[in-house]
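The values are calculated or read from the model by the stated rules, or taken from the named source; none is laboratory data. Treat the numbers as computed from the prediction; the structure is a model and nothing was measured. With ideal geometry, Cβ positions are generated from the backbone for all residues, glycine too; neighbour counts draw on all protein chains shown.
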Amino acid sequence: VLRLLSHMGMSKEQMMEIRKQNCMTMKITYYKKPVFIHQGYMQWLWDVDGKRYLDLFAGVATVSVGHCHPKVTAATQRQLKKLWHTTNIYIHPELHEYCDKLASYLPDPLKVIYLTNSGSEANELAMLMARLHTGNFDIITFRGSYHGGSQQTMGLTAKSSCKFPIATSSGCIHTMCPDVFRGPWGGSYCRDSPVQTIRECSCAQGVCIANKHYIEQLEETFATSAPSQIAAFFGEPIQGMGGAVQYPKNYLKEAYKLVRQTGGICIADEVQTGFGRTGSHFWGFQGHDVIPDMVTMAKGIGNGFPVGAVVTTPEIAVSFVKASHFNTFGGNPLACAVASSVLDTIREDSTQQNSLHVGTYLMTQMAKLRDKYEVIGDVRGKGLQIGMEMVKDKGSREPLPPEAMSEILEDVKDTGVLIGKGGVHGQTFRIQPPMCITREDVDFFLAVFNKAISGYTDRK
Ligand SMILES: Cc1ncc(COP(=O)(O)O)c(C=O)c1O
């Protein structure tokens, strides 16, 4: 039985003042009237006044099995009483038990694991390993992608609002994102989703013209912007921060082939799509029928506890012994105990299956709202990795302006639901909830979203 704890701490005014004066964290908050979160349980959050929210954003796609999930909390408490920290200069069972368990979720030859504390750190390590292994330097990512905020990974990231005006990693090349809704090409059968775009095409069964054109763009990048040999290609199976952007079904398969021809390795950033979120598979790359040479993970791996990982092949791992790589916290006993319990919980709670069923239900119902309202341009995703792209009108597909997006986001929050925002122009609402949400939660959200959009449309 959940006991709600009343907030006895600082006032909201004090917190805002401290945020202004002493907190070097992100200064902006998502909302005009910020949310002051105090407690969480599974898919629910409570603010300092005791108001309850349905959390459909999970602390940015991170709380995978549920806030304060009882099984994970119990495992954490057991470990807290036993051993918090030791480093990898010693051998401790939690690390080895966890690596063995995580490796069992990955196909051959992805069996060698490095644990980190965040997604940025994992991607930074992946860049280093790719360069060491191949002896090449250049790395290709998609425009609109986010792969981290460290100096190196900021080079991979291709979203202007996340880039500071400094020298980031050189050798990062950004190619066109094969976005079948917003991009120049797209049609009615391109993507692996229960909902297709509103764009029409005349492709015959088994042929995708959009895919052909996007692959030509990648070839153009190889011909113009990259040296003849590259180190790696980084891609999310579904672009998260970009707004759950999906590529044509065969794109990654063909792109991987081209990358390998240039000596590069293929890296799947599964920071958002891993751990069952896409529903049909445990890993997003499996939905594309590819096997990467390296996979990076974070967020959902620890249900909110700071953990990240790089998984690669024994062959690539060999190159990493050229110097000693030390990481104080990566793979510490507490992190491993949490992450291990998250894996067990995903299996015991059928989290991946829930993601598939509830996510498919959400998208198919949401597609009805897309058909009803001119401003909902696209509904897409897989499992509980979902985007709703907002437009001025369906004809132009021009992005809904930021003020309108904020107005709707605020309204949805005031009615008790937290959702996210993404996209190059901030034009896409994101739904990436704890994967324990139910159909009843979806029905509640649909009613809230319908009301917010109809309110916005009436006011306009
Ligand atoms: C796809 C992807 N990769 C990497 C990162 C970086 O992870 P972290 O914030 O843990 O450093 C993020 C964070 O949002 C992400 O979405």
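Checking each residue in the stretch 265-291 for being within 14 Å of the ligand (Cβ to nearest atom), not aliphatic (A, V, I, L, M) and not in a helix (DSSP H, G or I) picks out 269, 270, 272, 273, 274, 275, 277, 278, 283.
Residue-wise test of (1) modelled with pLDDT of 95 or more; (2) closer than 30 Å to residue 443 by Cβ; (3) out of contact with any Phe, Trp or Tyr (no Cβ under 8 Å at 6 or more places or on another chain).
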residue: 55; (1), (2), (3): yes, yes, no
residue: 58; (1), (2), (3): yes, yes, yes
residue: 90; (1), (2), (3): no, no, yes
residue: 96; (1), (2), (3): yes, no, yes
residue: 102; (1), (2), (3): yes, no, yes
residue: 105; (1), (2), (3): yes, no, no
residue: 110; (1), (2), (3): yes, no, yes
residue: 120; (1), (2), (3): yes, no, yes
residue: 125; (1), (2), (3): yes, no, no
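Quick one: how many residues across the stretch 116-162 are among the β-branched types (Val, Ile, Thr), closer than 23 Å to residue 227 by Cα and outside any helix (DSSP H, G or I)? Don't jump to the end; show me each part of the working.
First, the residues of the stretch 116-162 that are among the β-branched types (Val, Ile, Thr): 116, 134, 139-141, 153, 157.
Subsequent filtering for residues that are closer than 23 Å to residue 227 by Cα retains 134, 139-141, 153, 157.
Filter once more, so that each one left must be outside any helix (DSSP H, G or I): 139-141, 157.
Looking only at that region, the number is 4.
Quick one: is residue 136 in the same structural domain as residue 169 (by TED's automatic domain parsing), within 16 Å of the ligand (Cβ to nearest atom), surrounded by 17 or more Cβ atoms within 10 Å (Cβ to Cβ) and modelled with pLDDT of 95 or more? No; evaluated as a whole, the condition is false for this residue.
Per this entry, residue 290 is counted among residues that are touching a Leu at 6+ places or on another chain (Cβ under 6 Å) and free of Cβ contacts under 8 Å to residues at least 60 places away in the same chain. Are any of the residues in the stretch 224-244 part of a helix (DSSP H, G or I) and within 13 Å of the ligand (Cβ to nearest atom)? No, the stretch 224-244 contains no residue that is part of a helix (DSSP H, G or I) and within 13 Å of the ligand (Cβ to nearest atom).
Residues that are free of Cβ contacts under 8 Å to residues at least 60 places away in the same chain and part of a loop (DSSP other than H, G, I, E, B) were ranked within the stretch 168-184; the one that is nearest to residue 195 (Cα to Cα) is 183. Which members of the stretch 153-170 meet the condition of being modelled with pLDDT of 95 or more and away from the ligand (no atom under 11 Å from the Cβ)? Within the stretch 153-170, 155, 158 meet the criteria. Quick one: how many residues across the stretch 150-166 are loosely packed, with under 15 Cβ neighbours inside 10 Å, in contact (Cβ under 8 Å) with a residue 12 or more places away in the chain and within 23 Å of residue 130 (Cα to Cα)? Result for the stretch 150-166: 1. Hey, can you tell me all the residues within the stretch 282-323 that are of a type in the set (Ser, Thr, Tyr) and at pLDDT 95 or above? Correct list: 296, 312, 313.
Of the residues 24, 15, which single one is modelled with pLDDT under 95, surrounded by 13 or more Cβ atoms within 10 Å (Cβ to Cβ) and over 22 Å from residue 412 (Cβ atoms)? Residue meeting the stated conditions: 15.
Which residues, taken from the stretch 308-321, are buried (at least 24 other Cβ atoms within 10 Å of the Cβ) and away from the ligand (no atom under 16 Å from the Cβ)? Residue satisfying the conditions is 312 alone. Taking the numbered list (1) crowded, with 24+ Cβ neighbours inside 10 Å; (2) farther than 15 Å from residue 287 by Cα; (3) under 21 Å from the mean Cα position of the chain (by Cα) in turn, residue 186 passes all entries but (3).
Only one entry in 439, 430 is under 21 Å from the mean Cα position of the chain (by Cα), within 25 Å of residue 345 (Cα to Cα) and not hydroxyl-bearing (Ser, Thr, Tyr), namely 430.
Residue-by-condition table, conditions (1) in a loop (DSSP other than H, G, I, E, B); (2) surrounded by fewer than 18 Cβ atoms within 10 Å (Cβ to Cβ); (3) away from the ligand (no atom under 16 Å from the Cβ):
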{"site": "196", "(1), (2), (3)": "yes, no, yes"}
{"site": "210", "(1), (2), (3)": "no, no, yes"}
{"site": "257", "(1), (2), (3)": "no, yes, yes"}
{"site": "263", "(1), (2), (3)": "yes, yes, yes"}
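Being surrounded by fewer than 20 Cβ atoms within 10 Å (Cβ to Cβ) and in a loop (DSSP other than H, G, I, E, B) is true of residue 305.
In this structure, is residue 324 more than 12 Å from the ligand (Cβ to nearest atom), among the polar types (S, T, N, Q) and within 26 Å of residue 255 (Cα to Cα)?
No.
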